[in-house]
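Nothing in this text is a laboratory measurement; each read-out follows from the coordinates by a stated rule. Nothing here was measured: the structure is a model prediction, and the numbers come from that model. Every residue, glycine among them, receives a Cβ derived from its backbone with ideal geometry; neighbour counts consider all protein chains shown.
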Amino acid sequence: MTPKETDNSDLTFELAMRRLEETVRLLEAGELTLSDSIERYKEAMQLVQFCRTQLDRAELEIERLLAEDGADKEENGA
């Protein structure tokens, strides 16, 4: 996994999390060069931002669905 793969338009939340877990494992192992460690860290920061965005979108969608459900219940007298 290279930082360029982070630009993949098919990236999912789950794949991003797997990449983050792998990066943490590699960094904690301490066997990467300084340069490779920095590149992995940069990629990880991009992945973190991607995951935050995905979670924010999911939260907004859930709030919207809950609001719609509440409005439906009020209309039906529940």
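Quick check: the angle from helix 13-29's long axis to the longest principal axis of the chain, C-alpha only, nearest 10 degrees?
30 degrees
How large is ³J(HN,Hα), in whole Hz, for each residue of segment 35-50 in order, when computed from phi with the Karplus curve 6.51 cos²θ - 1.76 cosθ + 1.60 and θ = phi - 60°, using x for Gly and Pro?
Couplings: 4, 5, 4, 5, 5, 5, 5, 4, 4, 4, 5, 5, 5, 4, 4, 4 Hz.
Rounded to the nearest 20 debye, what is the charge dipole size of the chain about its Cα centre when +1 sits on each Lys and Arg Cβ and -1 on each Asp and Glu Cβ?
Numbers: 10 positive and 20 negative charges, 82 e Å.
Magnitude of the dipole: close to 400 debye.
Restricting to DSSP H runs of at least four residues, report the calculated mean residue ellipticity at 222 nm for the chain, -39500 (n - 2.57) per run over all residues, nearest 500 deg cm²/dmol. Walk me through the intermediate numbers first.
Numbers: 2 runs with 59 residues, N = 78.
Rounded to the nearest 500, the figure is -27500 deg cm²/dmol.
Projecting each Cα onto the charge dipole of the chain (Lys/Arg +1, Asp/Glu -1 at the beta carbon, about the Cα centre), which of LEU11, THR23, ALA58 comes out farthest on the positive side?
Final value for the positive-end residue is THR23.
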